[in-house]
Amino acid sequence: MKRNNQIGQSLIETIIAIFVLTTALTTGLSLAIYAFSSSSLTQNEIVAANLAREGIEVVRMMRDSNWLAGDVKGSSWDLTACSDISGKLCFPKAYQKVPSHNNYDLNSGNQRLVFNSSNNTWDLNNGNNYYLYLQSDGTYSGSANGTSTFARMINLSFNSASPYTNQNSNQELIIKSVVAWQGKNCTAFNSNQDLINLVTPCKITVEEHLTNWKDYK
C-alpha cells in the first residue's frame, strides 16, 4: 500500500512539474512576442517621426532659399520695409519661386515632397501618391521600390489674421507634416489617402508655423 502511494505521489509531482514548465515556457514565449511587437512599433514610430520632421525642414529650407534668392534677384523680390507690418523688414515674395534661381512655390493644400536625386533638389507638387519606399541607400522616397509601409502628406495653409496680413507674403505659413504607416493594429490606407483625416494609432503629425518677418520681432 505504501508503494502504491509513492507511485501516485510521483505521478502527481510529475504532472505538477510539467504544468509549471509549460506555464513558464508559455509566459516566456508571450513576453518574447510582445517584446518583438513593441520593438517593431517603436521602430516605425522613430522612422515616422524623422520623416515628418524632414517634411517640416524641407519646407523651411524652401522659405529660407526664397529669402536668399530674393537678395540676389533684387527688384521686387528684395528685402524691404513693408508698410503693412509697420515698416518691419520682409521679402514681398517669400512664398513664391524666384525665376532663374529656384522653383519653390509654397501654395496652400495637401501636397507631397519629391526629391530629385539628379540635381539634389526638392519639389512640392499636388500629386496624390503619398507612399514612401525604402531605397537601397537607406533613404525613403516616392520612387516605387517594393511594398510601401509609410506615407507622407504635407499640408500648407496661411493665416492672415492680425498681426499678420495678406499682403507682401506676410501671412503666417502653417505646415503640417503627417506620416502614417501600415502594420499590425494600424488602419489600412491607400496611396492617395487624406492622411490629415485618417483615424489610426499609427500616425505622427508635426506642425510648424513660419513667418516672413526677417527681424523676427
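Any read-out appearing in this document is the output of simple, stated calculations on the displayed coordinates, not a laboratory observation. Predicted model, so just to flag it, every value in this text is computed and none were measured. Ideal geometry is used to build each Cβ from the backbone, glycine not excepted, and the neighbour counts take in all protein chains shown.
Results, tabulated for the structure shown:
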quantity: Total formal charge among the other residues, if their Cβ is under 14 angstrom from that of residue 198, Lys/Arg +1 and Asp/Glu -1; calculated: +2
quantity: Separation of the residue 174 and residue 100 label points, Cα + 7 Å toward Cβ, nm; calculated: 3.8 nm
quantity: Convex hull volume per residue in cubic angstrom - Cα atoms of the range 44-210; calculated: 117 Å³
quantity: Computed P(r) (all Cα pairs; the range 114-217; 5 Å bins; percent); calculated: 2, 11, 18, 18, 16, 13, 10, 7, 4, 1
quantity: Table column - 3J(HN,Hα) (Hz), the range 133-145, Karplus curve with 6.51, -1.76, 1.60, x for Gly and Pro; calculated: 10, 6, 8, 5, 8, x, 9, 10, 8, x, 6, 4, 7
quantity: Charged-residue dipole, Cβ positions (Lys, Arg, Asp, Glu), the range 44-210 about Cα centre, Debye nearest 20; calculated: 200 debye
quantity: Cross-link partners of residue 184 among aspartates and glutamates (Cα-Cα below 14 Å; sequence separation of 8 or more within a chain); calculated: 45
quantity: Under-5 Å amide H pairs with residue 111, H placed in peptide plane, nonlocal only; calculated: 154, 155, 156
quantity: Proxy reagent accessibility, fewest Cβ within 10 Å first, across 101, 209; calculated: 209, 101
